[in-house]
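S.K.: Here it is: the structure, laid out below.
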Amino acid sequence: MANNESLNSTDVYNIIENTLNDFKGIHKSLDWLSYLWVLLGVVGMTVNALFIVAYSRSDNLQKPAQKLVNLAVDDFLISAAATFLYSPAQIIRVGKSVCLTSIFITNIVLIEQLLALVMITCDRYIAVVKPLLYPQIITDRRIKVVIGLSWIAAALIVSHNCLVSNTWKSGSKCLFSDIISRNGQIVSVVVVLTSGILMCAVYIRLMLIAKKHLRQINPELESTVYTEMRQQLRIMKTFMIVVGAFLICWGPVALNLGLSVTGINTNFTKLLAAVDGAFLFCNPIMDTIIYVWRMPEYRKDFSNLFVNLQCGTNE
């Protein structure tokens, strides 16, 4: 009785294979997703441009959004790359040079944003663990140097993937998982997973430290310190949500690359390769929603900016 009810490994494999085969041909009907990427790119450019303009015109946003504005610039560039480079390369069959250029530029911005999130995580760690030394450690000059290094590192990683490890074939669809070789995909998976695990571990540790410090402060006797710690905790939670949204949007991409690296190539992986871009290009929009939700300063200044622009148009 037990033997009849149990499934052996062959039966499980056949069930999985039949399930994956159900996706046969579906991925071929999803070319319209490239037009969705264009729409997401336009929306992403618009909302992030508004955030950058609001930041540049508001003194209230300078301090709380100082680290977020770099992410907003990255999100704007990602949306622009999706609109003008990566999506058109899917809609129109392009040659090798155009395809690799679109993948190169798009992935440089994506990897730089990942590295920027890692840098912000390190910044928050220093702010919580060594608050007194923070102004001496984190200076404007060092921030600019680290941002420059992150762009160089992103360019080196993507250059290896596009120039050294590409497997372009005539007639291929211009998708990262189809064009980049197994070695290049392994590099990308390692970078994404290592960064994601590092950020999650650091933020969990920081939350425990911050809450412990908050419990040790008497709000009546040390009101200034208590208020500053609460502000730091709010900023840290905002970054945690941004990192969470980033990892959720990158999840299908990481899964697709992981399956490709292991040699699994089914209709399901082709379907995943078609839809992962929609998740990826939703991230810039989700970030702006998080800013509006978590930052009352932005909501107020954005409203003022909108009113001023409307008044200027009426005049």
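S.K.: Name the residue that is surrounded by the fewest Cβ atoms within 10 Å (Cβ to Cβ), counting only residues in the stretch 81-93 that are among the β-branched types (Val, Ile, Thr) and part of a helix (DSSP H, G or I).
M.R.: Filtering the stretch 81-93 for residues that are among the β-branched types (Val, Ile, Thr) and part of a helix (DSSP H, G or I), the one surrounded by the fewest Cβ atoms within 10 Å (Cβ to Cβ) comes out as ILE91.
S.K.: Same structure again: Within the stretch 94-104, which residues are surrounded by fewer than 20 Cβ atoms within 10 Å (Cβ to Cβ) and in a helix (DSSP H, G or I)?
M.R.: LYS96, SER97, VAL98, THR101, PHE104
S.K.: Within the stretch 204-217, is there a residue that is touching a helix residue (DSSP H, G or I) at 6+ places or on another chain (Cβ under 8 Å), surrounded by fewer than 15 Cβ atoms within 10 Å (Cβ to Cβ), of a type in the set (A, V, I, L, M, F, W, C) and modelled with pLDDT of 85 or more?
M.R.: No, every residue in the stretch 204-217 fails to be touching a helix residue (DSSP H, G or I) at 6+ places or on another chain (Cβ under 8 Å), surrounded by fewer than 15 Cβ atoms within 10 Å (Cβ to Cβ), of a type in the set (A, V, I, L, M, F, W, C) and modelled with pLDDT of 85 or more.
S.K.: So, one more: Check ASP123, ASP74 and return the single one that is modelled with pLDDT of 85 or more, open to solvent by less than 20 Å² (accessible area, probe 1.4 Å) and in contact with a helix residue (DSSP H, G or I) (Cβ under 7 Å, 6 or more places away or on another chain).
M.R.: Result: ASP74 is the single residue among ASP123, ASP74 that is modelled with pLDDT of 85 or more, open to solvent by less than 20 Å² (accessible area, probe 1.4 Å) and in contact with a helix residue (DSSP H, G or I) (Cβ under 7 Å, 6 or more places away or on another chain).
S.K.: LEU114 fails exactly one of the following numbered conditions: (1) in a helix (DSSP H, G or I); (2) farther than 24 Å from GLN185 by Cα. What is the number of that condition?
M.R.: So the condition that LEU114 fails would be (2).
S.K.: The conditions are (1) open to solvent by less than 80 Å² (accessible area, probe 1.4 Å); (2) in contact (Cβ under 8 Å) with a residue 60 or more places away in the chain; (3) closer than 21 Å to ILE105 by Cα; (4) not small (Gly, Ala, Ser), and ARG182 fails exactly one of them. Which is it?
M.R.: Looking at each condition in turn, ARG182 falls short on (1).
S.K.: Scan the stretch 117-134 residue by residue and report those that are more than 13 Å from GLN232 (Cα to Cα) and free of Cβ contacts under 8 Å to residues at least 40 places away in the same chain.
M.R.: MET119, LEU132, LEU133
S.K.: Exactly one condition in (1) over 28 Å from VAL69 (Cβ atoms); (2) surrounded by 14 or more Cβ atoms within 10 Å (Cβ to Cβ) is false for VAL190; which is it?
M.R.: Here VAL190 clears every test but (2).
S.K.: Say we look at the stretch 54-68 and pick out the residues that are modelled with pLDDT of 70 or more and loosely packed, with under 15 Cβ neighbours inside 10 Å; which of these is farthest from SER87 (Cα to Cα)?
M.R.: Taking the candidates together, the pick is ARG57.
S.K.: Being surrounded by fewer than 18 Cβ atoms within 10 Å (Cβ to Cβ), at pLDDT 75 or above and farther than 26 Å from ILE126 by Cβ narrows it down to one of LEU233, LEU255, LEU280, so name that one.
M.R.: Result of the check over LEU233, LEU255, LEU280: LEU255.
S.K.: List pairs: first residue in the stretch 135-153 and on the phi > 0 side of the Ramachandran plot, second residue modelled with pLDDT under 90 anywhere in the structure, Cβ distance under 7 angstrom, at least six positions apart or on different chains.
M.R.: Final answer for the pair search is none.
The values are calculated or read from the model by the stated rules, or taken from the named source; none is laboratory data. All figures in this text were calculated on a predicted structure; none of them were measured in a lab. Neighbour counts are summed over all protein chains in view; Cβ atoms, including those assigned to glycine, are modelled from backbone coordinates with ideal geometry. Only protein heavy atoms, including side chains, enter the accessible area calculation; ligands, DNA and RNA are left aside. Shrake-Rupley method; radii C 1.70, N 1.55, O 1.52, S 1.80 Å.
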